[in-house]
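The values are calculated or read from the model by the stated rules, or taken from the named source; none is laboratory data. In this text the structure is predicted, and so the values were computed from the model without any measurement. So basically every Cβ, Gly included, is an ideal-geometry build from the backbone, and we count neighbours across all protein chains shown. Just the protein is used for accessible areas: all its heavy atoms, side chains included, with ligands, DNA and RNA removed. Shrake-Rupley method; radii C 1.70, N 1.55, O 1.52, S 1.80 Å.
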Amino acid sequence: MSDCIFCRIADGEIPTDFVYRDDEVAAFRDVNPQAPTHILVIPRQHIASSAHAEDPSVWGMLIGRAVKIAKELGLDEKGYRMVINTGEQGGQTVPHLHLHLLAGRNLGWPPG
Ligand code: AMP
């Protein structure tokens, strides 16, 4: 979608240092990091939110790549968290499905 900022990032229209990119997935650093490592992993296809992703292949693709990226960056040594905010009360602010990959500090629970 031409008016979706994450589509434009994934397509290279907005200059971005990709942590990872292939035909299906793009990953880049969050502009407002909430942890020493804060990466957004997104499908390159526009999907508005997890509520629009009933096809299980989307999840294999997205979470599988997040696990691969975490391993490549060595985040699995101390651990990390994956977060997917969905909709207004879920805290989603960008309407393109994205997985937050957070690491590098002790992360509190429950979330705020
Ligand atoms: P959420 O609140 O779950 O929808 O997460 C959206 C995230 O996108 C936030 O953590 C923002 O800081 C991040 N964000 C918004 N615009 C950009 C951008 N242009 N580049 C990188 N991260 C962004």
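Quick notes on this structure:
- Scan of the range 70-79 for residues that are open to solvent by 30 Å² or more (accessible area, probe 1.4 Å) and over 14 Å from Ala35 (Cα atoms), ordered by number: Lys71, Glu72, Leu73, Asp76, Glu77
- Here Ser2 meets the list (1) away from the ligand (no atom under 14 Å from the Cβ); (2) modelled with pLDDT of 95 or more almost entirely, failing just condition (2).
- Among the residues of the range 80-100, some residue qualifies, meaning at least one is over 29 Å from Asp3 (Cβ atoms) and crowded, with 18+ Cβ neighbours inside 10 Å.
- Per-region count, the range 4-57, residues of a type in the set (Phe, Trp, Tyr) and farther than 19 Å from Leu73 by Cβ: 1
- One residue from Val67, Val58, Val31 being at pLDDT 95 or above, of a type in the set (A, V, I, L, M, F, W, C) and open to solvent by less than 40 Å² (accessible area, probe 1.4 Å): Val58
- Cβ-Cβ contacts under 9 Å between residues 6 or more apart (or on different chains), taken from a first residue in the range 19-48 that is farther than 12 Å from Ile69 by Cα and hydrophobic (A, V, I, L, M, F, W, C) to a second residue that is more than 14 Å from the ligand (Cβ to nearest atom) and part of a strand (DSSP E or B), are listed as Ala35/Tyr80; Ala35/Ala103; Ile42/Val25.
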